[in-house]
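Notes follow once the structure below has been shown.
The values are calculated or read from the model by the stated rules, or taken from the named source; none is laboratory data. Model, not experiment: these values are computed from the prediction. Cβ placement follows ideal geometry from the backbone for every residue including glycine, while neighbour counts extend to all protein chains displayed. We work out accessible area using only protein heavy atoms, side chains counted, and drop any ligands, DNA or RNA first. Shrake-Rupley method; radii C 1.70, N 1.55, O 1.52, S 1.80 Å.
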Amino acid sequence: MLADSAHQVVSILMAGTALIFLFSDRGNPGSRMLAWCLIAGAVATGLGPPQELNAAAIVWTSLQQLAETLALLFGVEWGRRISLEAQSRSRRVRAAGGLFRAAQIILLVYGGLGIGYILIFPEYAVIDPEGLVKVRAVEFAVFAPLLGTTMLLAGIALGLLMLAPLDPVERIRFRSLLLAGPLFLLTMLVHEDIEPLFMALGLLIFLNGSVRYLIVQNQRAASMRQFVSPEVTRMLHRQGMARALRRDRRTISTLACDLRGFTAYARQTDSDQVIALLERYYAQVGDLAHRHGGTVKDHAGDGILILFGAPQPCEDHAGRAIALARDIVTSQGRALREAGVPLGLGVGIATGEATVGAIQGAGRLEYVAVGNVVNLAARLCDQAADGEVLLDAETCRLAALEAAAEARQALSMKGFAEPVPVFALASSAAG
């Protein structure tokens with residue numbers, strides 16, 4: 001008792017669209033509800049009408065009624081979820097949420113009455129009448145007010161949301177649904193022979209809005225990638241969010257650098273000039289870090305923190321950090337002299353164990369490295385003079401720099417119980 005080929009094609013299209021939403025926009029609660037709406041609609045469309053009246057036909061028709069009701073419930077729930085995600089909880093938004101909930105209650109009554117009608121009057125409910133309209137007068141009198149009230153409430157709620165400060169990308173799907181909705185409703189009234197025509201037209205209209213929605217979402221994602229380091233972006237693309245959320249403890253090298261005399265310079269210089277200098281500084285150091293396989297973890301004023309060995313492990317993380325330090329000291333020393341600004345630059349490098357991975361807080365995720373190695377790199381950077389690179393003993397050992405690094409007096413640093421052995425990269429090695 002499966003539907004004819006035309007209904008089956010429409011059913012497959014609906015199910016395919018649902019899978020696209022589930023896999024491409026799975027983090028959006030509204031898209032998940034919309035996907036379930038389409039899946040339920042695909043089931044209702046793919047179940048063909050019985051050809052004769054018997055017990056199996058009654059069960060079959062009841063399943064169709066259940067799938068149809070679930071499709072409507074999930075569709076209304078999509079709108080309600082969007083109201084919950086609205087940028088403000090204004091009176092309009094709260095009213096829209098209430099209207100969506102009222103529409104769902106009426107749909108539950110509609111579904112219950114529909115199944116009850118099938119069980120009590122199967123001779124009328126199971127076999128459709130002849131003609132273009134498949135709804136009998138008594139069916140229209142009972143069910144049309146329920147569906148009409150549901151659609152009226154949902155339509156008013158959609159209108160209220162369109163007037164609210166809603167995410168612009170959701171407006172795209174709302175508009176497409178408002179255009180496609182009447183065509184979908186007609187499929188519940190017209191004869192099965194012309195059902196696929198109205199359903200296909202409605203689906204095309206909605207697919208147009210859905211494709212535009214996904215394109216805009218992809219454009220947003222491309223823009224957001226500029227706020228995340230390329231290495232973290234690649235990890236998310238290749239291994240997924242689950243891998244990013246899994247925290248590891250590993251040995252890494254961290255490099256911290258900042259400008260000397262920046263506070264006084266910023267106080268005496270126009271802010272636009274300061275920002276322009278920082279942009280050049282960030283861009284140049286970031287480009288060098290990328291070449292050496294480092295991940296820029298943080299920009300904090302004139303300070304930059306760079307990780308080696310995270311998020312992607314690498315064997316020669318200490319050597320890469322040393323090579324980057326050399327390039328930073330050389331290139332930025334020259335750039336600052338050419339700019340004619342009274343600034344210098346110091347670098348600190350430390351190697352050791354850290355816990356790396358993503359943590360969640362304040363409504364967002366952030367990739368972090370936590371451990372003494374991060375603090376030590378920052379403390380060494382603070383102690384470094386202009387053009388100087390200070391290292392800890394572990395970095396020297398792994399990079400085999402004992403002969404090329406100058407041992408300094410151990411320094412007492414905040415956060416460390418014992419004085420820390422310090423080495424300075426020889427000027428010939430640094431430059």
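State which residue is modelled with the highest pLDDT when the search covers only the stretch 139-170 and only residues that are part of a loop (DSSP other than H, G, I, E, B) and not acidic (Asp, Glu).
If we take residues in the stretch 139-170 being part of a loop (DSSP other than H, G, I, E, B) and not acidic (Asp, Glu), then Ala164 is modelled with the highest pLDDT.
Kindly indicate the residue of the stretch 121-138 that is open to solvent by 80 Å² or more (accessible area, probe 1.4 Å), farther than 17 Å from Gln64 by Cβ and out of contact with any helix residue (DSSP H, G or I) (no Cβ under 8 Å at 6 or more places or on another chain) and also modelled with the highest pLDDT among those meeting that condition.
Ala137
I'd like to know if the stretch 38-47 contains one or more residues that are under 20 Å from the mean Cα position of the chain (by Cα), crowded, with 19+ Cβ neighbours inside 10 Å, over 17 Å from Leu147 (Cβ atoms) and not charged (D, E, K, R).
No, the stretch 38-47 has no match at all.
Mind checking which residues of the stretch 151-170 are free of Cβ contacts under 8 Å to residues at least 12 places away in the same chain and open to solvent by less than 50 Å² (accessible area, probe 1.4 Å)?
Residue satisfying the conditions is Gly159 alone.
For the structure I just gave you, tell me whether Glu366 is over 25 Å from Ala266 (Cβ atoms) and open to solvent by 50 Å² or more (accessible area, probe 1.4 Å).
yes
Is there a residue in the stretch 340-349 that is open to solvent by less than 10 Å² (accessible area, probe 1.4 Å) and touching a Ser or Thr at 6+ places or on another chain (Cβ under 9 Å)?
yes
How many residues does the stretch 276-303 hold that are within 26 Å of the chain's Cα centre (by Cα) and either among the β-branched types (Val, Ile, Thr) or open to solvent by less than 10 Å² (accessible area, probe 1.4 Å) (or both)?
Count: 3.
Taking the stretch 69-114, which residues are surrounded by fewer than 18 Cβ atoms within 10 Å (Cβ to Cβ) and among the hydrophobic types (A, V, I, L, M, F, W, C)?
Result: Leu84, Ala95, Ala102, Ile105, Leu108, Val109, Leu113.
Please go through (1) in contact with an Asp or Glu (Cβ under 6 Å, 6 or more places away or on another chain); (2) surrounded by 24 or more Cβ atoms within 10 Å (Cβ to Cβ) for Leu324 and return the number of the only condition it doesn't satisfy.
Checking Leu324 against (1) in contact with an Asp or Glu (Cβ under 6 Å, 6 or more places away or on another chain); (2) surrounded by 24 or more Cβ atoms within 10 Å (Cβ to Cβ), the one that fails is (1).
Tell me, yes or no, whether the stretch 176-183 has at least one residue that is more than 25 Å from Leu107 (Cα to Cα), at pLDDT 80 or above and either crowded, with 16+ Cβ neighbours inside 10 Å or out of contact with any Lys or Arg (no Cβ under 7 Å at 6 or more places or on another chain) (or both).
So far as the stretch 176-183 goes, no, none of its residues is more than 25 Å from Leu107 (Cα to Cα), at pLDDT 80 or above and either crowded, with 16+ Cβ neighbours inside 10 Å or out of contact with any Lys or Arg (no Cβ under 7 Å at 6 or more places or on another chain) (or both).
Do any residues in the stretch 101-120 that are at pLDDT 90 or above have Cβ atoms under 6 Å from those of residues that are in a helix (DSSP H, G or I) and hydroxyl-bearing (Ser, Thr, Tyr), where the two are at least six apart or on different chains, and which pairs are they?
If the second residue must be in a helix (DSSP H, G or I) and hydroxyl-bearing (Ser, Thr, Tyr), the pairs left are Ala103/Thr150; Ile106/Thr149; Ile106/Thr150; Leu107/Thr150; Gly111/Thr69; Ile115/Ser62.
Is it true that Gln104 is within 33 Å of the chain's Cα centre (by Cα) and of a type in the set (S, T, N, Q)?
yes
Starting from residues that are open to solvent by 40 Å² or more (accessible area, probe 1.4 Å) and of a type in the set (Gly, Ala, Ser), keep the ones in the stretch 374-403 and report whichever is modelled with the lowest pLDDT.
Filtering first and then ranking leaves Ala403.
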